[in-house]
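In what follows, a structure is listed as structure tokens, so that the remarks can point back to it.
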Amino acid sequence: MYTPTEERTLFEDTKRMLNTEVSDLADPAEAIESLRALIIYHEWKYYVRNNPVLSDFEYDQLYKMLEGLEQMHPDLVAPDSPTQRVSSDLTEDFRSVEHLSPMLSLANSYNAEDLKDFDKSVRKLLGIEPGIPIAYTVEPKFDGGSIALVYDGDQLVRGATRGDGRLGDDMTPNARTIRSIPLKAGFSAHDISRIELRGEAIIRKDNFGKINEIRGKEGLPLFANPRNAATGGLRMKDPGDTAKRGIEAFIYQISYVEGRMGNDTSRYFDTQWDGMEFLQGLGFKVPGEERKQCKDIQEVIDFCAAWEERRDSYPYEIDGMVVKVDRLSYQQEIGSTSHHPRWAIAYKFKAKQATSRLIKVEYQVGKIGSITPVAKLEPVQLAGVTVSSVSLHNEDFITSKDLRINDYVIVERAGDVIPYIVKALEDLRTGDEVPIEFPRYCPINETAQIPLVRVPSEAAWRCPNCTCGAQDLQRIIFHVSKSAMNIDGFGKSIVERFSDEGWIRSMADIYRLDYEKVAQLEGFGVKSATKLKSSIDKAKKNPIHRLLHSLSIHHLGQRASKILAEHIDHVLDLRHWTIEQLTAIKDIGPVLAENVVNYFADERNIAMLEDMEALGVNMRQTSEDKPLEVVEDAPFAGKTILFTGTLHKLKRKEAQELAEKQGARNISAVSSNLNILVVGEKAGSKLKKAEALGTVEIMTEDQFLEKVQA
Ligand code: IVH
């Protein structure tokens with residue numbers, strides 16, 4: 001249908017369009033024309049080819065632009081415009097049935113301003129004064145496939161897909177396999193003889209993972225997302241196959257009633273909220289804590305923002321929230337357009353995915369010489385931040401995704417997760433893409449021609465023989481960091497500055513800084529220099545486990561450093577330790593032992609440590625390094641513990657150290673291995689999981705403190 005060059009042009013036009021303000025479009029007729037062409041192309045990519053090159057968010061933006069322009073210029077609306085159809089999923093395999101009321105779409109909003117505008121328009125339509133608040137019910141916008149269920153008397157008689165909004169596909173036998181849909185529900189006892197409910201068929205994220213895992217093993221193509229797995233599952237020819245998908249159905253709307261009081265829904269229920277409570281009482285699955293009755297639009301805005309934060313920890317995919325005027329009589333008064341109700345709006349979360357272009361790859365060297373490729377991208381907005389650079393991790397990542405310079409790529413940033421490249425858009429390639437050749441020589445100092453090495457068990461290539469100082473710099477940055485020597489106020493940028501000044505070339509140089517010179521450096525002054533001096537003086541007295549960890553010996557993490565520190569009186573004693581002696585220590589393996597032996601066999605390292613000692617850095621075991629004498633009856637002896645939520649009296653770190661002193665071991669996840677969970681404010685999924693396990697002792701911060709202080 002489209003040649004690759006055409007696709008490429010359409011894609012680039014799209015990007016340009018997305019960066020244009022509607023007010024900057026000179027010729028509306030021309031803009032409408034090109035927006036239609038773009039939307040038709042993207043709909044084809046999405047619905048026909050199942051291979052979208054645009055995020056849902058960007059598509060919505062295009063659609064909104066066209067809708068806006070058409071509203072401003074009604075004479076330019078044409079029947080074949082993409083806005084003039086309600087998208088259809090009708091197929092010939094199923095019988096068509098007419099919905100009892102049209103299944104409409106929703107208008108979209110993207111920020112607090114849009115929601116306030118929505119509130120204003122509702123207010124205007126109802127003729128309600130600005131001072132008087134309007135209540136809304138807010139629910140998640142489930143990202144699955146919509147369904148309409150009809151109950152005659154108490155019996156489920158029909159389940160249908162949305163279809164074109166007027167007619168849907170009858171898939172009653174499939175709906176009957178969905179366990180969360182009651183086959184019988186007590187409507188008649190409430191004077192209702194016939195009812196139509198709307199909801200969303202959806203698959204839990206964890207279940208989706210399992211489905212794909214099984215499909216992978218069976219050699220079947222994988223589903224791109226839970227929505228596809230759910231909508232596909234609804235349309236199985238054999239209901240037995242639908243049953244196997246583990247589809248669930250959330251009900252979110254009563255779209256039609258018939259009964260003793262007639263057809264007017266508002267005579268049976270006052271509000272959307274009441275309708276949902278009623279259905280919940282009859283055994284339907286309706287949104288629970290994720291549904292809220294908000295007294296005004298500000299509460300709506302806050303609730304939407306809170307859920308935008310939480311979306312990743314929610315077990316189902318949601319792409320926004322749906323805001324509905326709560327009072328049903330108001331809903332009726334306000335009415336609908338042919339496309340969407342005027343009393344409801346979707347608040348769409350910021351896109352987690354966006355497309356960008358891979359311009360070039362740069363390489364960074366880490367403290368143990370690992371070479372990390374970093375992709376430089378055309379800057380793109382992603383979940384509220386601008387992204388222009390993402391890690392490509394290692395050579396295998398690049399080859400497995402077949403990434404090339406000049407490729408258009410999909411970038412994703414979910415929650416707090418750092419952005420990463422999902423895939424290259426191969427359909428948009430023109431032939432100008434250049435494969436990324438991972439260097440074989442250290443890319444930091446090319447003239448030195450140092451061959452990189454790769455340990456077979458590891459993914460990273462490393463520069464084994466650094467001559468350029470880049471690794472030293474990374475090690476120094478690590479040495480001063482919080483988890484190592486914890487030198488307060490001494491961060492990456494200061495290390496880089498001092499290094500540029502030629503003041504620090506090795507870790508030892510930190511301890512012979514000339515503070516008079518520091519004070520003269522722009523942005524410093526005597527006060528900052530004095531502060532830095534006292535932080536460094538304090539660090540000199542650190543227990544040796546911190547120093548050991550700060551040396552960047554491969555695999556010598558915090559825990560191993562503590563174990564090692566328990567066994568030595570003086571850091572330089574390690575010169576005389578053998579691999580056998582080290583591996584005799586519990587929890588020290590042969591790889592780490594070899595790394596330690598090699599480090600202390602290198603004269604340069606010894607010279608540096610001696611230098612540090614002469615400058616006052618502590619090398620002797622301190623009381624903090626000594627093995628913890630866990631008294632038999634220490635309150636947490638032998639127990640595992642985890643802290644979750646916000647603690648108010650203790651910092652998280654302090655709490656963990658306290659627990660450790662009382663014999664506990666800190667672990668990071670809730671599992672059957674966990675003995676104690678200490679919950680702070682706003683504890684979330686961890687608490688739920690622990691409660692569900694039933695074997696975990698749950699205590700508050702105060703209870704914890706009482707125990708440790710007892
Ligand atoms: S209300 C007449 N509520 O979003 C009201 N829709 O873009 C229209 N959806 O087709 C629907 N969660 O499939 C409503 N809590 C929710 C929803 C929801 C998901 C879907 C629904 C609809 C689409 C509209």
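The values are calculated or read from the model by the stated rules, or taken from the named source; none is laboratory data. Only a predicted model underlies this, so the values are computations on that prediction, with no experimental measurement involved. For neighbour counting, all protein chains shown are included, and Cβ atoms are generated from backbone atoms with ideal geometry for every residue, glycine included. Side chains are part of the model used for accessible areas, which takes the heavy atoms of the whole protein and leaves out ligands, DNA and RNA. Shrake-Rupley method; radii C 1.70, N 1.55, O 1.52, S 1.80 Å.
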Within segment 179-205, can you find the residues that are open to solvent by 40 Å² or more (accessible area, probe 1.4 Å) and under 21 Å from the mean Cα position of the chain (by Cα)?
Arg204, Lys205
Any residue in segment 261-288 that's touching a residue at least 40 places away in the same chain (Cβ under 8 Å) and within 16 Å of the ligand (Cβ to nearest atom): show its pairings with residues that are among the small types (Gly, Ala, Ser) and part of a helix (DSSP H, G or I) at Cβ separation under 6 Å, as long as the two are six or more apart or on different chains.
Ser266/Ser329; Phe269/Gly275
Any chance segment 206-215 includes a residue that's in contact (Cβ under 8 Å) with a residue 60 or more places away in the chain and either open to solvent by 50 Å² or more (accessible area, probe 1.4 Å) or more than 30 Å from Ala383 (Cα to Cα) (or both)?
yes
Considering segment 532-579, residues that are without any contact (Cβ under 8 Å) to a residue 24 or more places away in the chain and crowded, with 21+ Cβ neighbours inside 10 Å, and then whichever is nearest to Ile667 (Cα to Cα), we arrive at Ser561
Please specify each residue of segment 647-706 satisfying the condition of being over 26 Å from the mean Cα position of the chain (by Cα) and among the acidic types (Asp, Glu).
Glu654, Glu657, Glu660, Glu697, Glu701, Asp702, Glu706
Starting from segment 236-255, take each residue that is closer than 18 Å to Lys205 by Cβ and modelled with pLDDT of 85 or more and list its partners that are within 13 Å of the ligand (Cβ to nearest atom) and assigned to a helix (DSSP H, G or I), counting only C-beta distances under 8 angstrom and pairs at least six apart or across chains.
Arg245/Ala230; Ile247/Ala230; Ile247/Leu234
Can you find, within segment 16-44, the residue that is surrounded by the most Cβ atoms within 10 Å (Cβ to Cβ) among those that are without any contact (Cβ under 8 Å) to a residue 24 or more places away in the chain and part of a helix (DSSP H, G or I)?
Ser34
Looking at (1) within 18 Å of Val380 (Cβ to Cβ); (2) surrounded by 15 or more Cβ atoms within 10 Å (Cβ to Cβ), find the lone condition where Glu12 falls short.
(2)
Scan segment 318-337 residue by residue and report those that are more than 9 Å from the ligand (Cβ to nearest atom) and among the β-branched types (Val, Ile, Thr).
Val323, Val325, Ile334, Thr337
Every residue in segment 455-476 that is surrounded by fewer than 20 Cβ atoms within 10 Å (Cβ to Cβ), among the hydrophobic types (A, V, I, L, M, F, W, C) and over 16 Å from Thr372 (Cα atoms), please.
Cys468
Filter segment 125-179 down to residues that are of a type in the set (Phe, Trp, Tyr) and out of contact with any Gly (no Cβ under 9 Å at 6 or more places or on another chain), then give me how many there are.
2
Name the helices (runs of 4 or more DSSP H) wholly inside segment 212-301 in which the number of residues that are in contact with a Gly (Cβ under 6 Å, 6 or more places away or on another chain) is 3 or more.
226-234
The residue that is farthest from the chain's Cα centre (by Cα), considering only those in segment 246-294 that are within 13 Å of Ser180 (Cα to Cα) and open to solvent by 20 Å² or more (accessible area, probe 1.4 Å), is Leu282
Single match in Gly145, Gly168 (criterion: more than 10 Å from the ligand (Cβ to nearest atom) and buried (at least 19 other Cβ atoms within 10 Å of the Cβ)):
Gly168
When segment 313-336 is examined, which residues are found to be in contact with an Asp or Glu (Cβ under 8 Å, 6 or more places away or on another chain), open to solvent by 30 Å² or more (accessible area, probe 1.4 Å) and of a type in the set (D, E, K, R)?
Glu317, Arg327
Just to be sure before I move on: is Gly153 within 16 Å of Arg245 (Cα to Cα) and in contact with a helix residue (DSSP H, G or I) (Cβ under 9 Å, 6 or more places away or on another chain) in the structure I sent?
no
Per the filter on segment 585-614, residues of a type in the set (A, V, I, L, M), over 42 Å from the mean Cα position of the chain (by Cα) and exposed (fewer than 15 other Cβ atoms within 10 Å of the Cβ) are Ala601, Ala607, Ala614
Could you look through segment 99-121, keep only residues that are open to solvent by less than 20 Å² (accessible area, probe 1.4 Å), in contact with a helix residue (DSSP H, G or I) (Cβ under 6 Å, 6 or more places away or on another chain) and not charged (D, E, K, R), and pick out the one that is nearest to the ligand (Cβ to nearest atom)?
Ser109
In segment 626-655, anything at pLDDT 85 or above, open to solvent by 60 Å² or more (accessible area, probe 1.4 Å) and within 16 Å of Lys707 (Cα to Cα) is listed as Lys639, Lys649, Glu654
If only one of Gly127, Gly153, Gly199, Gly186 is within 16 Å of the ligand (Cβ to nearest atom) and at pLDDT 90 or above, which one is it?
Gly199
Among helices (runs of 4 or more DSSP H) entirely inside segment 466-538, those with 1 or more residues being touching a strand residue (DSSP E or B) at 6+ places or on another chain (Cβ under 7 Å) are 470-480
Residue that is least open to solvent (accessible area, probe 1.4 Å) [pool: residues in segment 477-501 that are in contact (Cβ under 8 Å) with a residue 24 or more places away in the chain and among the aromatic types (Phe, Trp, Tyr)]:
Phe490
